[in-house]
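Every number in this text was worked out from the coordinates using simple rules, so none of it is lab data. What you see is a predicted model; the values in this text were computed from it and never measured. Here the Cβ positions follow ideal geometry from the backbone for every residue, glycine too, while neighbour counts run over all protein chains shown.
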Amino acid sequence: MERYEPLKIEQKWQKIWEETKPFKATEETGQPKMMLAEMFPYPSGAGLHVGHVRNFTIVDVLTRFYTQQGLNVLRPFGYDTFGLPAENYAIKTGTAPQEVTKINITNFRKQAKRLGYAIDWGREINTSDPEYYKWTQWCFLQLYKKGLAYQKESYQWWCPEDQTVLANEQVENGKCWRCGHEVEKKKMKQWFFKITEYADELLEEIDNLEWPEKIKTMQKNWIGRSTGAEIDFEVVGGAPRITVFTTRPDTIYGATFLVVAPEYTALDSLLTDDTREKVLDYKATALKKSEIERQENKEKTGVFTGSYAINPATKEKIPIWVADYVLAGYGTGAIMAVPAMDDRDHEFAEKFDLPIVETELCDRDLFGTPKTTYRMRDWLISRQRYWGCPIPIAYDKDGNPHPIPEDQLPVLIPEVDDYKPDNSGRSALAKAKDWLKVTIDGEEMTRETDTLDGYACSSWYLWRYASPHDKDAAWDQDAIKYWEPVDYYCGGDHAVAHLLYIRFWCKFFADEGYLPFREPIKRLLYNGYINAPDGKKMSKSKGNVIDPLDVINDGYGADTLRTYEMFIGPYDQDAAWDPRSVGGVYRFLNRCWTLAFATEYSKEDKTINIRHKTIKKVTEDIHRYNFNTAVAALMEYVNELYKIGATTEDVVILAKLLKPFAPHLTSEMLEKLNTNDEWPKWDEKYLVSDTVEVVVQVNGKLRAKLSINQADLSDEEKITQLALSDEKVKKYTDSGVKKTIFVPKAKILNIVI
RNA sequence: GCUCGGAUGGCGGAACUGGUAUACGCGUUCGACUUAAAAUCGAAUGGGGAAACCCGUGCGGGUUCGAUUCCCGCUCCGAGCACCA
């Protein structure tokens, strides 16, 4: 008798799939289409980790499920390769990031193939490939042409360690998301994408998406729309008037002072000779103050500017203060303080002994003009780093920006000897002296040395999948129309950043006529993390990392690894790795193997009911993404087949239903049984049995069980009589029966005494 | 502080619109096979009790014939946001 040898079987089928390319997708069939993708990985030197496996396997289960149901399925794959790890490695070792990336991709591809994924490998994409980033630059130029990519001098988060600017969402607890160094504010001229232009649509269309509520709420909060009014305050002495934003214009009678942010543009005009030094000193301190300090110490600080404004409602003279509890980037950077209504203003007034006046509310529209503001800021895309997509811009001798003509794309990343950024505020691209020079329309110009935030590269890759080798366009109109929007997108990160940016680009390119839809992702599955057996996050330093390739090579094989990660718990919850449960799943697959290859098939079909029940359960569970209970149902089925005896049909059905999870083993089974993998259907008539069990409760507590003919289930009187004459029930009904309630659907009879 | 999740045996987790709580897996115990072990197969397994029974889904109330599920009020844990006027 042969034993189940996963590694042997898996090698065999992976070779067959490599040669016959069964997962190659084309637009030419008449069946409905289905496109699925995971958030493409950053191919790190460490290779695949168990989190990737969970993410990719969810997509693979759905891919194979829908393929077996006859849909025309596309499941592509790609690599998000720009970024700091490859660049930092280059700085340390002198190895070009291009080289490291190539090695890492090769390793990633090899590992993904060992998991048996149903990927159309002909559609691989890589964001740092010039063939790809040529079109990232093209996308940039389209946004630039419409004024949605623009430059602005402003205070930005700066990481002194990585020597680069960071976007708001790349600052975590006041620290750089990559190196963990404390960030600071620095005034610089930077590139932005005007995502705020689409704030309303991004907000309003969230409700129509089949996305997890958690993500939808996070995006809504991130956009943070609030409605209020802008109110002008005249400044005594003729300085420019101050416009404030407030959500409570009706409280204006209680506004006893104004506060402007330290970065407020017209701050200088408010200062007097007496206050100038003190205020500028305060401003300098506030700007230096790290985000950490601000968070740990929310004690109000501030100084009087020396100027007064006139409250348009009370006509009173009120002082103008500067304080860092007012944020420059929100509203107008200035507020009217109503200490009687607002806790923060109250705290400030108490501390600095400013008047607190109780106020009657007035009409909201009396003194201001209605205004809507957003917490979301424009997307900062400049990075002073080498390993990114060069921004296709050049400057003339007066410093004015000009787009690089589209026929000169791609702007290739130049080769340099030293990848290290410096504190000049320019990337290592500035070291490529020859590359810097460019001629546009006969004029000598200097190239932009900033590169694009990696999120720009991932903001359109789902569309590249439709025509990955297109030389004439970023994406082919017909292919896009056929395959997209993406039906299922799966990942466990980037709830606001990437998933908001890709929606923004989609709306922009729809407006430009390049896309026939306004939302790129129909359904989003947001999977949980897999933690170490000790429940903690896996990390190299803690030494608790589980390597998926080790699990395979230890003899369990890819099918066990895949099936285990689907069985580990609900896909959207975090889970802890349990090495012993892996063994349990292996035993289950071993039993499947035994049923197919080492058991005499039963001639008598005693399992038809459970067979149909299992088909229904597994089908519905996969539709609901309840992968863990789908596997549990298959385990139950196998346990029953061991007890009762399996027919050939049972083993066929088992193999078909298990194939999305364990494709190698089941391909072997189906080959032996000489049958296809077409998804089976259940017949409702086999789901009902001749006799059913009716539960008898007394006051809601289970007291007896009756076996009733299916036909009698509608006869309430008969069932009630049977129940009341039951010995066990009689013990409780001596004192009389008040009423009985029979629920046929639940097959339950409750006797109330 | 605000928003959103979550709490079920020794452990991970089931229970679809209120209807037999603990499916499935792990662990544990016993048995079969074996010279022995592993592997495999079978049985038992929420707590208390000799039993009849009683108690059990974080805590306290409520609605209901019936609540893990719905409502009100808490506690604890996790995630995200965080001086957004």
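What the table shows:
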item: Order by protection proxy (mean Cβ within 10 Å, highest first), peptides A:55-62, A:617-624; result: A:55-62, A:617-624
item: Contact order relative to length of chain A, as percent, for alpha carbon pairs under 8 angstrom and 6 or more apart; result: 14
item: Ranked by how many other beta carbons lie within 10 Å on average, peptides A:358-364, A:585-591, A:75-81 from highest; result: A:75-81, A:585-591, A:358-364
item: Tilt relative to chain A, helix A:84-93 - C-alpha long axis, 0 to 90 degrees, to 10; result: 80
item: Check: segment A:253-407 dipole with +1 on Lys, Arg Cβ and -1 on Asp, Glu Cβ, in debye; result: 300
item: Assigned charges on the beta-carbon of Lys, Arg, Asp, Glu; segment A:153-288 dipole about Cα centre (debye); result: 380
item: Residues A:Val496, A:Val259, A:Val551, sorted so that the one with the fewest Cβ neighbours within 10 Å comes first; result: A:Val496, A:Val551, A:Val259
item: About the Cα centre, charge dipole magnitude for chain A (Lys/Arg +1, Asp/Glu -1 at Cβ), debye; result: 2080
item: Antiparallel DSSP beta bridges within chain A, percent to nearest 5; result: 75
item: Inter-probe distance in nm under a simple model that places probes 7 Å from Cα toward Cβ, at A:His469 and A:Met218; result: 3.7
item: Likely footprinting exposure, A:Trp379, A:Trp222, A:Trp577, fewest C-beta neighbours within 10 Å first; result: A:Trp222, A:Trp577, A:Trp379
item: Residue exposure sequence - A:Trp505, A:Trp387 - by fewest surrounding Cβ within 10 Å; result: A:Trp505, A:Trp387
item: Cβ-based net charge around A:Thr57, under 9 Å, with every Lys or Arg adding one and every Asp or Glu removing one; result: 0
item: Listed residues A:Thr614, A:Phe567, A:Tyr642: farthest to the positive end of the dipole of segment A:522-644 (Cβ charges); result: A:Thr614
item: Quotient of C-alpha Rg and 2.2 N^0.38 Å, computed over segment A:195-295; result: 1.51
item: Positive-end residue, chain A charge dipole about Cα centroid, Cβ charges, pick of A:Tyr526, A:Leu267, A:Thr675; result: A:Thr675
item: Size descriptor, Kirkwood hydrodynamic radius, that averages inverse alpha-carbon separations across chain A, Å; result: 30.8
item: Highest-first arrangement of A:268-276, A:597-605, where packing means the average Cβ count within 10 Å; result: A:268-276, A:597-605
item: Options A:Ala349, A:Pro41, A:Gly399, ranked by Cα towards positive dipole end of chain A, top entry (Cβ charges); result: A:Pro41
item: Orientation-averaged projected area, Cα convex hull of segment A:1-142 (nm²); result: 12.0
item: Formal net charge of residues neighbouring A:Ile318 (Cβ-Cβ distance under 13 Å; K, R +1; D, E -1); result: -1
item: Relative contact order, percent, segment A:38-92 [alpha-carbon distance under 8 Å, six or more residues apart]; result: 52
item: Total formal charge among the other residues, if their Cβ is under 11 angstrom from that of A:Gly535, Lys/Arg +1 and Asp/Glu -1; result: -1
item: Segment A:105-213 - percent relative contact order, Cα under 8 Å, separation 6 or more; result: 22
